[in-house]
1. Looking only at residues in region 141-161 that are part of a loop (DSSP other than H, G, I, E, B) and touching a residue at least 60 places away in the same chain (Cβ under 8 Å), which one is nearest to residue 106 (Cα to Cα)?
2. For region 304-317, which positions are closer than 13 Å to residue 205 by Cα and loosely packed, with under 13 Cβ neighbours inside 10 Å?
3. Among the residues of region 270-292, is any in the same structural domain as residue 320 (by TED's automatic domain parsing), free of Cβ contacts under 8 Å to residues at least 60 places away in the same chain and touching a His at 6+ places or on another chain (Cβ under 8 Å)?
4. Taking the residues in region 194-208 that are among the small types (Gly, Ala, Ser) and in a loop (DSSP other than H, G, I, E, B) as candidates, determine which candidate is nearest to residue 226 (Cα to Cα).
5. Hey, does region 45-58 have a residue that's surrounded by 17 or more Cβ atoms within 10 Å (Cβ to Cβ) and over 30 Å from residue 234 (Cβ atoms)?
6. What is the number of the single condition among (1) closer than 17 Å to residue 149 by Cα; (2) in contact with a Cys (Cβ under 7 Å, 6 or more places away or on another chain); (3) not acidic (Asp, Glu) that residue 303 does not meet?
7. Which one is nearest to residue 111 (Cα to Cα), of the residues in region 37-57 that are out of contact with any strand residue (DSSP E or B) (no Cβ under 6 Å at 6 or more places or on another chain) and in contact (Cβ under 8 Å) with a residue 40 or more places away in the chain?
8. Within the bounds of region 152-171, is there any residue that is of a type in the set (Phe, Trp, Tyr), assigned by TED's automatic domain parsing to the domain that holds residue 123 and in contact with an Asp or Glu (Cβ under 9 Å, 6 or more places away or on another chain)?
Amino acid sequence: MPNPSFPRTVVVHHRSGIGDIIWHIPYLRAIAAESHGGKISLIARPSCRAADVLAAESCIDEVIEFDQRPRKSEQRTGRHDGFTAQLRFVRELRARRFERIFILSSRIRYAVLALLAGIPQRAGFGFSAGERLFLNSPPYIHPHQGSGNWVYPEVTAFCIAHGLVKKAVVPRMNVLAEAIDLAGQDLAVLPMPRYALSIGTSKPHNNWGEARFAMLATLLIERGGSVVLLGGPAERDAAAAIVEAIPARWRNRVFISNQPSIQRSAAVLRHCQYCVGNDTGALNMAAAVGIPTLGLFGASPPLTHDPLLHALSGQGMDNIDVNAVLASLDQLVAECLALSAPGGAT
(Lines give C-alpha, C1' and ligand atoms only; values in the text may rest on other atoms or scores of the structure.)
Protein backbone atom coordinates (compact mmCIF):
# COMPACT_ATOMS: atom_id res chain seq x y z
CA MET A 1 0.00 0.00 0.00
CA PRO A 2 1.18 3.58 -0.65
CA ASN A 3 2.90 5.12 2.33
CA PRO A 4 1.32 8.53 3.17
CA SER A 5 4.59 9.65 4.72
CA PHE A 6 6.40 9.53 1.37
CA PRO A 7 7.04 12.96 -0.18
CA ARG A 8 4.86 14.58 -2.83
CA THR A 9 7.06 14.08 -5.86
CA VAL A 10 7.41 15.62 -9.28
CA VAL A 11 9.67 14.11 -11.95
CA VAL A 12 11.26 15.91 -14.90
CA HIS A 13 11.49 14.04 -18.21
CA HIS A 14 13.55 16.20 -20.56
CA ARG A 15 13.75 14.14 -23.76
CA SER A 16 11.48 14.97 -26.71
CA GLY A 17 10.63 11.62 -28.31
CA ILE A 18 7.89 9.05 -27.73
CA GLY A 19 10.47 6.27 -27.51
CA ASP A 20 12.31 8.25 -24.84
CA ILE A 21 9.27 8.41 -22.54
CA ILE A 22 8.62 4.69 -23.08
CA TRP A 23 12.18 3.90 -21.91
CA HIS A 24 11.46 5.81 -18.69
CA ILE A 25 8.21 4.02 -17.78
CA PRO A 26 9.68 1.41 -15.37
CA TYR A 27 11.61 4.11 -13.54
CA LEU A 28 8.59 6.40 -13.24
CA ARG A 29 6.80 3.48 -11.60
CA ALA A 30 9.73 2.91 -9.25
CA ILE A 31 9.77 6.56 -8.17
CA ALA A 32 6.00 6.57 -7.71
CA ALA A 33 6.21 3.50 -5.46
CA GLU A 34 8.17 5.65 -2.98
CA SER A 35 6.06 8.79 -3.38
CA HIS A 36 2.94 10.11 -1.68
CA GLY A 37 -0.12 8.10 -2.65
CA GLY A 38 1.93 5.88 -4.95
CA LYS A 39 1.73 8.57 -7.63
CA ILE A 40 3.93 11.24 -9.19
CA SER A 41 3.43 14.36 -11.25
CA LEU A 42 5.50 14.46 -14.44
CA ILE A 43 6.99 17.47 -16.20
CA ALA A 44 7.46 16.64 -19.88
CA ARG A 45 7.85 18.27 -23.27
CA PRO A 46 4.74 18.23 -25.53
CA SER A 47 6.47 16.31 -28.33
CA CYS A 48 6.95 13.14 -26.25
CA ARG A 49 3.15 12.83 -25.88
CA ALA A 50 3.49 11.80 -22.23
CA ALA A 51 -0.20 12.11 -21.28
CA ASP A 52 -1.19 9.76 -24.11
CA VAL A 53 1.69 7.30 -23.66
CA LEU A 54 1.04 7.07 -19.90
CA ALA A 55 -2.77 7.11 -20.02
CA ALA A 56 -2.98 3.54 -18.67
CA GLU A 57 -0.37 4.05 -15.92
CA SER A 58 -1.96 4.28 -12.47
CA CYS A 59 1.21 5.83 -11.02
CA ILE A 60 0.76 9.14 -12.88
CA ASP A 61 -1.22 11.83 -11.08
CA GLU A 62 -0.81 14.51 -13.75
CA VAL A 63 1.38 15.50 -16.67
CA ILE A 64 2.61 19.09 -16.59
CA GLU A 65 3.82 20.27 -19.99
CA PHE A 66 7.00 22.34 -20.13
CA ASP A 67 6.95 23.77 -23.62
CA GLN A 68 10.39 25.32 -23.97
CA ARG A 69 12.50 25.26 -27.15
CA PRO A 70 10.41 22.92 -29.32
CA ARG A 71 12.04 20.82 -32.02
CA LYS A 72 13.14 22.87 -35.03
CA SER A 73 10.84 20.76 -37.21
CA GLU A 74 7.83 22.11 -35.31
CA GLN A 75 8.61 25.65 -36.51
CA ARG A 76 7.00 27.41 -33.58
CA THR A 77 7.77 29.23 -30.35
CA GLY A 78 7.31 27.34 -27.09
CA ARG A 79 4.77 28.55 -24.53
CA HIS A 80 7.55 28.68 -21.92
CA ASP A 81 10.22 30.35 -24.03
CA GLY A 82 11.40 33.55 -22.42
CA PHE A 83 12.13 34.68 -18.86
CA THR A 84 8.59 35.82 -17.99
CA ALA A 85 7.01 32.56 -19.15
CA GLN A 86 9.45 30.51 -17.09
CA LEU A 87 8.74 32.59 -13.98
CA ARG A 88 5.06 31.87 -14.53
CA PHE A 89 5.90 28.17 -14.73
CA VAL A 90 7.82 28.47 -11.43
CA ARG A 91 4.75 29.98 -9.77
CA GLU A 92 2.63 27.07 -11.03
CA LEU A 93 5.07 24.58 -9.52
CA ARG A 94 5.26 26.48 -6.22
CA ALA A 95 1.46 26.40 -5.93
CA ARG A 96 1.51 22.59 -6.07
CA ARG A 97 3.79 22.40 -2.98
CA PHE A 98 5.95 19.53 -4.16
CA GLU A 99 8.34 18.17 -1.54
CA ARG A 100 10.76 16.38 -3.86
CA ILE A 101 11.87 16.51 -7.46
CA PHE A 102 13.74 13.92 -9.51
CA ILE A 103 15.31 15.55 -12.56
CA LEU A 104 16.03 12.81 -15.09
CA SER A 105 18.40 15.06 -16.98
CA SER A 106 21.65 16.97 -16.61
CA ARG A 107 20.15 20.31 -17.68
CA ILE A 108 20.88 23.06 -15.16
CA ARG A 109 17.69 24.97 -15.95
CA TYR A 110 15.49 22.36 -14.26
CA ALA A 111 17.52 22.49 -11.06
CA VAL A 112 17.24 26.29 -11.05
CA LEU A 113 13.48 26.15 -11.65
CA ALA A 114 13.10 23.62 -8.83
CA LEU A 115 15.03 25.83 -6.42
CA LEU A 116 12.97 28.89 -7.36
CA ALA A 117 9.78 26.82 -6.93
CA GLY A 118 10.78 26.06 -3.34
CA ILE A 119 11.05 22.29 -3.76
CA PRO A 120 13.17 21.22 -0.76
CA GLN A 121 14.59 17.89 -2.05
CA ARG A 122 16.23 18.22 -5.46
CA ALA A 123 17.90 15.21 -7.13
CA GLY A 124 19.36 15.16 -10.63
CA PHE A 125 22.12 13.59 -12.70
CA GLY A 126 24.64 16.18 -11.47
CA PHE A 127 27.06 15.88 -14.37
CA SER A 128 28.49 19.36 -13.82
CA ALA A 129 29.55 21.45 -10.83
CA GLY A 130 27.12 24.13 -12.02
CA GLU A 131 24.18 21.76 -11.89
CA ARG A 132 25.15 20.50 -8.43
CA LEU A 133 25.03 24.06 -7.06
CA PHE A 134 21.23 23.86 -7.31
CA LEU A 135 20.81 20.21 -6.28
CA ASN A 136 21.00 18.84 -2.75
CA SER A 137 20.13 15.15 -2.93
CA PRO A 138 23.09 13.02 -4.11
CA PRO A 139 24.34 10.57 -5.26
CA TYR A 140 25.17 11.90 -8.69
CA ILE A 141 26.10 9.89 -11.76
CA HIS A 142 28.51 10.20 -14.68
CA PRO A 143 27.60 10.53 -18.38
CA HIS A 144 27.20 7.29 -20.32
CA GLN A 145 30.55 6.30 -21.85
CA GLY A 146 29.56 3.22 -23.82
CA SER A 147 28.35 2.82 -27.39
CA GLY A 148 24.83 3.40 -28.59
CA ASN A 149 22.08 5.62 -27.22
CA TRP A 150 22.75 7.19 -23.83
CA VAL A 151 19.21 8.01 -22.63
CA TYR A 152 18.17 4.64 -21.21
CA PRO A 153 21.59 3.80 -19.65
CA GLU A 154 21.74 7.15 -17.86
CA VAL A 155 18.27 7.02 -16.32
CA THR A 156 18.98 3.42 -15.34
CA ALA A 157 22.24 4.40 -13.63
CA PHE A 158 20.49 7.25 -11.79
CA CYS A 159 17.70 5.04 -10.44
CA ILE A 160 20.15 2.35 -9.34
CA ALA A 161 22.30 4.97 -7.59
CA HIS A 162 19.26 6.23 -5.67
CA GLY A 163 18.15 2.75 -4.64
CA LEU A 164 14.94 2.90 -6.65
CA VAL A 165 15.79 -0.29 -8.57
CA LYS A 166 18.51 -2.91 -8.19
CA LYS A 167 19.24 -3.35 -11.89
CA ALA A 168 18.08 -2.27 -15.33
CA VAL A 169 14.35 -2.77 -15.88
CA VAL A 170 13.13 -3.56 -19.40
CA PRO A 171 10.45 -1.04 -20.45
CA ARG A 172 6.91 -2.37 -20.64
CA MET A 173 3.90 -0.20 -21.42
CA ASN A 174 0.32 -0.57 -20.19
CA VAL A 175 -2.49 -0.06 -22.73
CA LEU A 176 -6.08 0.98 -22.08
CA ALA A 177 -8.40 -2.05 -22.15
CA GLU A 178 -11.05 -0.30 -24.23
CA ALA A 179 -8.45 0.62 -26.86
CA ILE A 180 -7.32 -3.02 -27.05
CA ASP A 181 -10.92 -4.20 -27.52
CA LEU A 182 -11.63 -1.73 -30.32
CA ALA A 183 -8.39 -2.54 -32.13
CA GLY A 184 -9.20 -6.24 -31.91
CA GLN A 185 -12.51 -5.64 -33.65
CA ASP A 186 -10.84 -3.66 -36.45
CA LEU A 187 -8.10 -6.23 -37.08
CA ALA A 188 -10.26 -9.35 -36.73
CA VAL A 189 -10.64 -9.72 -40.52
CA LEU A 190 -6.87 -9.85 -41.08
CA PRO A 191 -5.31 -13.32 -41.17
CA MET A 192 -2.45 -14.16 -38.85
CA PRO A 193 0.41 -13.73 -38.59
CA ARG A 194 -0.05 -9.97 -38.65
CA TYR A 195 3.10 -7.93 -39.30
CA ALA A 196 3.14 -4.31 -38.17
CA LEU A 197 5.39 -2.16 -40.35
CA SER A 198 6.58 0.93 -38.49
CA ILE A 199 6.80 3.37 -41.40
CA GLY A 200 7.05 6.67 -39.51
CA THR A 201 10.09 8.59 -38.34
CA SER A 202 10.84 12.11 -37.18
CA LYS A 203 14.24 11.93 -38.94
CA PRO A 204 14.19 11.43 -42.72
CA HIS A 205 17.58 9.67 -42.75
CA ASN A 206 16.04 6.90 -40.59
CA ASN A 207 13.36 6.14 -43.17
CA TRP A 208 13.71 2.85 -45.06
CA GLY A 209 11.45 4.11 -47.84
CA GLU A 210 8.00 3.44 -49.26
CA ALA A 211 9.16 1.20 -52.11
CA ARG A 212 11.01 -1.20 -49.79
CA PHE A 213 8.14 -1.34 -47.33
CA ALA A 214 5.76 -2.14 -50.19
CA MET A 215 8.03 -4.97 -51.41
CA LEU A 216 8.31 -6.41 -47.91
CA ALA A 217 4.56 -6.14 -47.34
CA THR A 218 3.85 -7.95 -50.60
CA LEU A 219 6.22 -10.81 -49.74
CA LEU A 220 4.71 -11.23 -46.27
CA ILE A 221 1.15 -11.26 -47.64
CA GLU A 222 2.06 -13.76 -50.37
CA ARG A 223 3.18 -16.09 -47.58
CA GLY A 224 -0.32 -15.98 -46.09
CA GLY A 225 0.03 -13.22 -43.52
CA SER A 226 -1.30 -9.67 -43.34
CA VAL A 227 0.23 -6.24 -42.80
CA VAL A 228 -0.55 -3.24 -40.60
CA LEU A 229 1.01 0.04 -41.75
CA LEU A 230 1.67 1.89 -38.51
CA GLY A 231 2.38 5.60 -38.32
CA GLY A 232 0.80 8.91 -37.42
CA PRO A 233 -1.10 11.52 -39.42
CA ALA A 234 2.19 12.61 -41.03
CA GLU A 235 2.49 9.15 -42.63
CA ARG A 236 -0.91 9.23 -44.35
CA ASP A 237 0.54 9.87 -47.81
CA ALA A 238 3.35 7.35 -47.31
CA ALA A 239 0.87 4.66 -46.28
CA ALA A 240 -1.28 5.38 -49.34
CA ALA A 241 1.77 5.11 -51.60
CA ILE A 242 2.75 1.78 -50.05
CA VAL A 243 -0.74 0.35 -50.54
CA GLU A 244 -0.76 1.59 -54.15
CA ALA A 245 2.48 -0.33 -54.80
CA ILE A 246 1.05 -3.60 -53.41
CA PRO A 247 -0.75 -5.77 -56.02
CA ALA A 248 -4.49 -5.06 -55.98
CA ARG A 249 -5.42 -8.65 -55.11
CA TRP A 250 -3.57 -8.35 -51.78
CA ARG A 251 -4.75 -4.95 -50.61
CA ASN A 252 -7.58 -6.40 -48.53
CA ARG A 253 -4.87 -7.80 -46.26
CA VAL A 254 -3.50 -4.37 -45.42
CA PHE A 255 -4.72 -2.20 -42.55
CA ILE A 256 -3.62 1.42 -42.25
CA SER A 257 -3.29 2.91 -38.76
CA ASN A 258 -2.21 6.54 -39.03
CA GLN A 259 -4.33 8.35 -36.47
CA PRO A 260 -2.84 10.53 -33.69
CA SER A 261 -3.61 8.43 -30.58
CA ILE A 262 -0.62 6.66 -29.01
CA GLN A 263 -2.91 4.36 -27.04
CA ARG A 264 -4.70 3.40 -30.25
CA SER A 265 -1.39 2.58 -31.95
CA ALA A 266 -0.26 0.55 -28.94
CA ALA A 267 -3.54 -1.34 -28.94
CA VAL A 268 -3.18 -2.15 -32.65
CA LEU A 269 0.29 -3.51 -31.95
CA ARG A 270 -1.11 -5.77 -29.23
CA HIS A 271 -3.05 -7.60 -31.95
CA CYS A 272 0.01 -8.09 -34.18
CA GLN A 273 2.46 -10.96 -33.89
CA TYR A 274 5.59 -9.15 -35.14
CA CYS A 275 6.80 -5.64 -35.91
CA VAL A 276 9.52 -4.44 -38.27
CA GLY A 277 10.49 -0.95 -39.27
CA ASN A 278 12.28 2.35 -38.83
CA ASP A 279 14.04 3.44 -35.66
CA THR A 280 11.16 5.45 -34.20
CA GLY A 281 8.73 5.63 -31.28
CA ALA A 282 6.42 2.95 -32.68
CA LEU A 283 9.30 0.47 -32.83
CA ASN A 284 10.02 0.97 -29.13
CA MET A 285 6.32 0.83 -28.40
CA ALA A 286 6.00 -2.55 -30.12
CA ALA A 287 8.64 -4.12 -27.90
CA ALA A 288 7.19 -2.36 -24.84
CA VAL A 289 3.78 -3.99 -25.38
CA GLY A 290 5.39 -7.40 -25.77
CA ILE A 291 5.72 -7.79 -29.55
CA PRO A 292 8.89 -9.35 -31.05
CA THR A 293 10.37 -6.52 -33.08
CA LEU A 294 12.99 -6.06 -35.80
CA GLY A 295 14.46 -2.58 -36.02
CA LEU A 296 16.26 -1.28 -39.11
CA PHE A 297 19.30 0.74 -38.05
CA GLY A 298 21.08 2.16 -41.06
CA ALA A 299 21.56 5.68 -39.74
CA SER A 300 21.44 5.29 -35.95
CA PRO A 301 23.10 2.96 -33.41
CA PRO A 302 21.14 -0.26 -32.79
CA LEU A 303 19.16 -0.47 -29.57
CA THR A 304 20.15 -3.32 -27.26
CA HIS A 305 18.20 -2.75 -24.03
CA ASP A 306 15.22 -5.03 -24.75
CA PRO A 307 15.43 -8.76 -25.61
CA LEU A 308 12.30 -8.38 -27.76
CA LEU A 309 13.92 -5.71 -29.92
CA HIS A 310 16.26 -7.21 -32.51
CA ALA A 311 18.42 -5.08 -34.78
CA LEU A 312 19.45 -5.23 -38.43
CA SER A 313 22.23 -2.73 -39.12
CA GLY A 314 23.57 -1.33 -42.35
CA GLN A 315 25.71 1.47 -43.74
CA GLY A 316 22.77 3.74 -44.44
CA MET A 317 19.11 2.79 -44.82
CA ASP A 318 19.50 2.44 -48.60
CA ASN A 319 21.94 -0.43 -48.04
CA ILE A 320 19.48 -2.53 -46.03
CA ASP A 321 18.13 -4.98 -48.59
CA VAL A 322 14.55 -6.29 -48.57
CA ASN A 323 15.77 -9.88 -48.74
CA ALA A 324 18.06 -9.26 -45.75
CA VAL A 325 15.12 -7.90 -43.78
CA LEU A 326 13.00 -10.88 -44.73
CA ALA A 327 15.76 -13.30 -43.70
CA SER A 328 16.22 -11.55 -40.34
CA LEU A 329 12.48 -11.54 -39.80
CA ASP A 330 12.34 -15.26 -40.61
CA GLN A 331 15.02 -15.89 -38.01
CA LEU A 332 13.11 -13.85 -35.43
CA VAL A 333 9.90 -15.77 -36.17
CA ALA A 334 11.72 -19.10 -35.90
CA GLU A 335 13.20 -18.14 -32.54
CA CYS A 336 9.79 -17.08 -31.22
CA LEU A 337 8.15 -20.30 -32.41
CA ALA A 338 10.91 -22.36 -30.79
CA LEU A 339 10.42 -20.57 -27.48
CA SER A 340 6.65 -21.10 -27.59
CA ALA A 341 6.90 -24.80 -28.48
CA PRO A 342 6.48 -27.47 -25.76
CA GLY A 343 9.77 -27.72 -23.91
CA GLY A 344 10.93 -24.31 -25.17
CA ALA A 345 12.38 -21.67 -22.87
CA THR A 346 9.96 -19.55 -20.89
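The values are calculated or read from the model by the stated rules, or taken from the named source; none is laboratory data. In this text the structure is predicted, and so the values were computed from the model without any measurement. When we count neighbours, we look across all protein chains shown, and the Cβ atoms used for this are built from the backbone with ideal geometry, even at glycine.
1. Here is the first cut: in region 141-161, the ones part of a loop (DSSP other than H, G, I, E, B) are 141-150.
Still in the running and touching a residue at least 60 places away in the same chain (Cβ under 8 Å): 147-149.
On the way: 147: 19, 148: 18, 149: 16 Å.
Step by step, filter region 141-161, then rank; the result is 149.
2. Answer for region 304-317, where residues must be closer than 13 Å to residue 205 by Cα and loosely packed, with under 13 Cβ neighbours inside 10 Å: 315, 316.
3. Here is the first cut: in region 270-292, the residues in the same structural domain as residue 320 (by TED's automatic domain parsing) are 270-292.
From the residues that got through so far, the ones that are free of Cβ contacts under 8 Å to residues at least 60 places away in the same chain too are 292.
Then drop every residue that is not touching a His at 6+ places or on another chain (Cβ under 8 Å), which leaves 292.
Checked region 270-292: at least one residue is in the same structural domain as residue 320 (by TED's automatic domain parsing), free of Cβ contacts under 8 Å to residues at least 60 places away in the same chain and touching a His at 6+ places or on another chain (Cβ under 8 Å).
4. Going residue by residue through region 194-208, those that are among the small types (Gly, Ala, Ser) are 196, 198, 200, 202.
Narrowing the set further to residues that are in a loop (DSSP other than H, G, I, E, B) leaves 200, 202.
Details: 200: 19, 202: 26 Å.
Out of the qualifying residues, it is 200.
5. no
6. Result: residue 303 passes all but (2).
7. Only one residue tops the list, namely 49.
8. Yes - at least one qualifying residue is present in region 152-171.
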